[in-house]
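This report refers to the structure that appears directly beneath it.
The values are calculated or read from the model by the stated rules, or taken from the named source; none is laboratory data. Predicted model, so just to flag it, every value in this text is computed and none were measured. Reconstructed Cβ throughout: ideal geometry from the backbone, glycine too, with neighbour counts over all protein chains shown. We work out accessible area using only protein heavy atoms, side chains counted, and drop any ligands, DNA or RNA first. Shrake-Rupley method; radii C 1.70, N 1.55, O 1.52, S 1.80 Å.
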Amino acid sequence: MKKSALQEARNSYIPKLPKALQGSVTIKEGEPTQSVDNQAEIKKLFPNTYGMPVVEFIPSTEENHYSFNVGVILSGGQAPGGHNVITGLFDTIKKMNPENRLFGFILGPSGLVEHNYIEITSEFIDEYRNTGGFDMIGSGRTKLEKEDQFEKGLEIIRKLNIKAIVIIGGDDSNTNACVLAEYYAAKKYGVQVIGCPKTIDGDLKNSQIETSFGFDTATKTYSELIGNIERDCNSARKYWHFIKLMGRSASHIALECALQCQPNVCIVSEEVKAKKMTLNQIVDYLCEVIAARAAEGNNFGVILIPEGLIEFIPSIGSLIEELNDLLASHGADYKDLDKDAQREYILKHLSAESASTFETLPDGVARQLSLDRDPHGNVQVSLIETEKLLSDMCEARLAKWKSQGKYVGKFAALHHFFGYEGRCAAPSNFDADYCYALGASAAHLIANGKTGYMAIVQDTTKPSSDWKAGGVPITMMMNMERRNGEMKPVIRKALVELEGNPFKEFAKHREEWAKNTCFVYPGPIQYWGPTEVCDTTTKTLALEQTK
C-alpha cells in the first residue's frame, strides 16, 4: 500500500521513552491498596488480586532476560495510539529475549475465545508504527465475563505457550481484564492479565492514571475542525453551529475543545446535573446568549454539546435508570410489540414522575431511550440527535419570545457530530510517546510476575524522559454500580470536576466568550512543527497538574 508523505514521516518518528524504561528495569513496590469504594464487596469478589501494591519501575544494573510469549487484545472503540502500545510491547519483549513471541487476537476479545489470531512479527509491525486506528488486529466489544469464555481462551493460551494477555481498552474492558485475571489466579493457571488505559472520552483517570491514551490526539483533531467551523462562522456571520462531541459519560472532550477554541457556549453535563437543570432551562440559557448576540448584530455563533448530555439532566437520568431496569427484567415482554404498543407498555411500568418525563420528550428521543442497550448496558446516546433537539427547541423558544415583542434577531442553525473523525487519527507526539511507554510498562509488569494490573505512566506534563512508569492494581479503581439491573464491580468513571482547574478556567471566561466573538483557530497541531506547539499536552492535563 502506497503511503502519503505524512505516513512516511510518522512511520520514521522514534517514540521517546522515560529514562526508567530505557535500559534494564526493576520494580519498587508501594503500600497495599484498597478499592475506591465498596471495599468489602470488591475484596470478596477479587480475593486473589485485591490489595496489591502500586509499583514503579526504576533503572537496574542487572540484565532483563526473560523468556515468555504474550497475547494482545484491542477492546472497545478505537483511540489514537493503540498501535504504539503494541509496538512498545513488542519491542520490549524482543529486547528482553529475541525468541519471545507476540500474538494478536483478531477483532477484540472474541478472537481469544474463538482462537482467531496472528503472530506479530518485525516485518508486520513496522507498517503500523505511529499510525492511527486499530486495523493492525482489529477491535471488538465482546465482554469477557463467563467461565466458558475463560476456559476456551485458556485452550489457545496453552497451545501458544502464552504467559500473559494484555488487554488494551477502556473502563469496561479493563474491568473485564480484572475479572479474567482473578479467574486465572483463583484457578492457579499461571496466566497473567495486564490492562492498558484507553479511551478518547478521557473518563478513565484517577489518582494513578493521569490521562487515558487517545484523548490528546482526538481533542486536537476535534479542535482543528471546530476552529475551521468557527472561522467559517465568523466569515458567513449567519449561522449558529450546534456541535455534538464524543463523551457519553463525561464532558472532558467538550471542555478541552472549549479551552482550545473558545466557542460562545459549551455545555458541561456535570454542571447540568449538579445544578439540577431541566431541558427547558438549558434551552432558555442558549436562547439568552443567542438573543444577546443578536442585539449586538451577531446572528451567529458556536455551541459545543457533550454526547451524553441527555443522561445528565436529572429527570431524564432518573428515567433512564428506570428504563435500564425495565429493559433488563422485562425487555422480552415488549420487544416484538409495535411502536405504539411499546410506548404504552413502558408508560404503564414507569413511576409517575418518569412517565411524565417520558411523555414530554420528542418521539424520536423517547424511542431511542427505549431501544436495546449496548453490550455494557448503556443507552446508545450517540444515536440521539441532541444537537438537533436543542436547536429545534431554541428555534421554537425564540419564535415565542419574538411573538411577545422581544428582539431575537435571525436564527438559522447547522448541525455537526464529531465522533469518528477523531478516533483513528494518527497519534500526536504525546500519544505516540505515551502509548509506546504504556506498552513497554506492560511488558515489564509481565516480566515481574504481575497480574490484575494496569500499566501507568505519570508526570506526563514533564518532558517524556522524566515520566514515571509502573503499574496499578485494577481493583484499586473499582466500586459497585448498577448495570443491567444488577450491582456489578466496575472501574469508577472520572467526571469533570467542577472544582478542578480546567472547569474553573473555562468558567472564568465563558461570559466573555458568550457575549463576544473570541474564537481561536488552533489548526492541525497533532504532528510536527515548533516544540512549543506539537509537544504540549492538552490544556486539561496542564491545568490539572498545576499546583
For I310, are the conditions met, namely being in a helix (DSSP H, G or I), surrounded by 15 or more Cβ atoms within 10 Å (Cβ to Cβ) and among the hydrophobic types (A, V, I, L, M, F, W, C)?
-> yes
Filter region 6-34 for residues that are among the aliphatic types (A, V, I, L, M) and assigned to a strand (DSSP E or B); which is surrounded by the fewest Cβ atoms within 10 Å (Cβ to Cβ)?
-> I27
Name the pairs: first residue in region 276-290 and more than 12 Å from P314 (Cα to Cα), second residue open to solvent by 10 Å² or more (accessible area, probe 1.4 Å) and small (G, A, S), Cβ to Cβ under 7 Å, at least 6 apart or on different chains?
-> V289/A514
Name the one entry in V302, V272 that is without any contact (Cβ under 8 Å) to a residue 60 or more places away in the chain and within 25 Å of G364 (Cβ to Cβ).
-> V272
Hey, can you tell me all the residues within region 498-522 that are surrounded by fewer than 14 Cβ atoms within 10 Å (Cβ to Cβ) and part of a loop (DSSP other than H, G, I, E, B)?
-> E499, N516
Can you run down the residue pairs with Cβ atoms below 6 Å, 6 or more apart or on separate chains, where the first is in region 314-331 and in contact (Cβ under 8 Å) with a residue 24 or more places away in the chain and the partner is assigned to a helix (DSSP H, G or I) and open to solvent by 30 Å² or more (accessible area, probe 1.4 Å)?
-> G317/E311; I320/E311; L326/H349
Complete set of residues in region 33-50 that are of a type in the set (G, A, S) and within 14 Å of T175 (Cβ to Cβ) | S35
Output the residues belonging to region 78-132 that are open to solvent by less than 40 Å² (accessible area, probe 1.4 Å) and of a type in the set (G, A, S).
-> A79, G81, G82, G88, G104, G108, S110, G111, G132
For T475, all conditions in the list (1) at pLDDT 95 or above; (2) farther than 30 Å from D325 by Cβ; (3) of a type outside the set (A, V, I, L, M, F, W, C) hold save one; what is the number of the exception?
-> (2)
Mind listing whichever residues of region 167-205 are among the small types (G, A, S) and either open to solvent by less than 10 Å² (accessible area, probe 1.4 Å) or under 21 Å from the mean Cα position of the chain (by Cα) (or both)?
-> G169, G170, S173, A177, A181, G195, G202
Check region 532-545 and report whether any residue there is of a type in the set (G, A, S), open to solvent by 30 Å² or more (accessible area, probe 1.4 Å) and either in a strand (DSSP E or B) or at pLDDT 85 or above (or both).
-> yes
Those residues of region 192-241 that are free of Cβ contacts under 8 Å to residues at least 60 places away in the same chain and closer than 30 Å to G471 by Cα come to a total of 2
Report yes if some residue within region 468-477 is small (G, A, S) and open to solvent by 40 Å² or more (accessible area, probe 1.4 Å); otherwise report no.
-> no
Scanning region 387-424 residue by residue, those in a strand (DSSP E or B) and among the aromatic types (F, W, Y) turn out to be F417, F418
Read through the list (1) in contact with a strand residue (DSSP E or B) (Cβ under 9 Å, 6 or more places away or on another chain); (2) assigned to a loop (DSSP other than H, G, I, E, B), then give the number of the only condition that E321 fails.
-> (2)
With respect to G77, is the statement that it is within 17 Å of I137 (Cα to Cα) and part of a helix (DSSP H, G or I) true?
-> no
Residue that is most open to solvent (accessible area, probe 1.4 Å) [pool: residues in region 452-462 that are in contact with an Asp or Glu (Cβ under 9 Å, 6 or more places away or on another chain) and in a loop (DSSP other than H, G, I, E, B)] = T461
Might you check whether a residue that is of a type in the set (D, E, K, R) and either open to solvent by 10 Å² or more (accessible area, probe 1.4 Å) or over 30 Å from M52 (Cα atoms) (or both) occurs anywhere in region 437-451?
-> yes
Which of the residues belonging to region 234-291 are open to solvent by less than 40 Å² (accessible area, probe 1.4 Å), part of a helix (DSSP H, G or I) and small (G, A, S)?
-> A254, A258, S269, A291
Which members of region 54-65 meet the condition of being open to solvent by 50 Å² or more (accessible area, probe 1.4 Å) and out of contact with any Lys or Arg (no Cβ under 9 Å at 6 or more places or on another chain)?
-> T61, E62, E63, H65
